[in-house]
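See structure below.
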């Protein structure tokens with residue numbers, strides 16, 4: 001699984017960090033970012049739910065690593 005956050009779209013709502021705190025966090029400006037080492041989603045079953053929870057669809061989760 002590969003996770004992308006579109007920084008140009010993110011509004012810093014924080015829903016991803018609430019849904020999957022083991023994968024997402026917020027930077028000093030309040031925008032979403034991945035925790036170190038979590039760019040491939042790990043085993044967290046909430047990763048896809050976090051992407052769905054984003055009110056502006058700034059998070060994309062894809063299978064594979066390409």
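Here, each number is a calculation from the coordinates, and none is a lab measurement. Fair warning: this is a prediction, and the values are worked out from it, not measured in the lab.
Values for this structure:
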item	result
Rounded D (µm²/s) - the chain, Kirkwood Rh over Cα pairs, Stokes-Einstein at 37 °C, 0.692 mPa s	288 µm²/s
Residue-averaged 222 nm ellipticity for the chain, from DSSP H runs of 4+ at -39500 (n - 2.57), nearest 500	-4000 deg cm²/dmol
Theoretical gain in end-to-end length, residue 4 to residue 52 [0.36 nm per residue, Cα-Cα removed]	16.0 nm
Rel. contact order, % - alpha carbon contacts under 8 angstrom, at least six apart, the chain	46 percent
